[in-house]
Amino acid sequence: MRDINDTMLRRVCTILCMLSLILCLAAGWFWWESYRYYRGVTYVTLDNDRYSFISDRGGLYGSSIAVSPVVMNCFGPNPGWHFLSGRQSKGLWPEEAWDVSSGQRWKPIRVLEFRNWECEIRAVAVPHWVVMVGFGVLPTVRGWRRFRRGRRRRAGCCVFCGYDLRFSAGRCPECGCAPAPATTIPHSGQRSGVARRS
């Protein structure tokens, strides 16, 4: 039963590691693309308030915009979900413009607020590199552990604690773990049970 649980746990960790790696690569791709194109989604309510999530110029912006009733009919688009996409121009999105002017662009998490007679904007900005680092921790740790275990196995040590097992038989006397079965590589004259011809 314990072996089954260990196997399931390893499979779950492998799946999570693969998902984290995919999300890390996706964040890197969006980071590179954000300097050429802006992409995002926005939801517009019946009161013409909007909630947006935008990838733009190296940052992810989650914002809420409350529009004044005076300019409500001029602020479009229609209520509902809308996909935002387009090539970058010299102008900046409102969230991006205030982020640049604040001088705190490279902070891991930033809260931006702006208010005038037309609208009130509140946004949370996170750089793409923060997302990459967050999703890249698990694949990096798992890759390092696999590399370290392989190096210990080749050196004849316990893959868990590093104790020298070259003069020990059976379980590791240090941590009590059973050694992994060694993989033997046949010599050139012993391949497939065929004797080497002279």
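The values are calculated or read from the model by the stated rules, or taken from the named source; none is laboratory data. Here the structure is a predicted model, which means the values were calculated and not measured. Neighbour counts run over all protein chains shown; Cβ positions are idealised from the backbone, glycine included.
From the list ARG142, ARG171, which residue is charged (D, E, K, R), at pLDDT below 80 and surrounded by 12 or more Cβ atoms within 10 Å (Cβ to Cβ)?
Result: ARG171 is the single residue among ARG142, ARG171 that is charged (D, E, K, R), at pLDDT below 80 and surrounded by 12 or more Cβ atoms within 10 Å (Cβ to Cβ).
Residues to consider are PHE147, PHE83, PHE114; find the one that is in the same structural domain as TYR61 (by TED's automatic domain parsing) and modelled with pLDDT of 80 or more.
PHE83
Within the set of pairs 6+ apart or on separate chains, which have a first residue in segment 77-88 that is on the phi > 0 side of the Ramachandran plot, a second that is β-branched (Val, Ile, Thr) and in a strand (DSSP E or B), and C-beta atoms under 8 Å apart?
These pairs meet every condition: GLY80/VAL44.
Please specify each residue of segment 111-142 satisfying the condition of being more than 18 Å from THR14 (Cα to Cα), touching a residue at least 12 places away in the same chain (Cβ under 8 Å) and part of a helix (DSSP H, G or I).
HIS128, TRP129, VAL130, VAL131, MET132
Which of the residues that make up segment 1-47 are surrounded by 12 or more Cβ atoms within 10 Å (Cβ to Cβ) and of a type in the set (S, T, N, Q)?
Across segment 1-47, the qualifying residues are SER20, SER34, THR42, THR45.
Hey, any hits in segment 44-51 for a residue that's basic (Lys, Arg) and either under 16 Å from ARG87 (Cα atoms) or not assigned by TED's automatic domain parsing to the domain that holds ILE121 (or both)?
Checked segment 44-51: no residue is basic (Lys, Arg) and either under 16 Å from ARG87 (Cα atoms) or not assigned by TED's automatic domain parsing to the domain that holds ILE121 (or both).
Hey, among the residues in segment 147-168 that are touching a residue at least 12 places away in the same chain (Cβ under 8 Å) and out of contact with any Gly (no Cβ under 9 Å at 6 or more places or on another chain), which one's surrounded by the most Cβ atoms within 10 Å (Cβ to Cβ)? Reasoning before the result, please.
At the first step, the residues of segment 147-168 found to be touching a residue at least 12 places away in the same chain (Cβ under 8 Å) are 153, 158-161, 163, 165.
Of the ones still in play, those that are also out of contact with any Gly (no Cβ under 9 Å at 6 or more places or on another chain) are 153, 158, 160-161, 163.
Numbers: ARG153: 16, CYS158: 23, PHE160: 16, CYS161: 12, TYR163: 15.
The extreme case among them is CYS158.
Quick one: how many residues across segment 143-171 are over 24 Å from CYS13 (Cα atoms), part of a loop (DSSP other than H, G, I, E, B) and either among the charged types (D, E, K, R) or out of contact with any strand residue (DSSP E or B) (no Cβ under 9 Å at 6 or more places or on another chain) (or both)?
6
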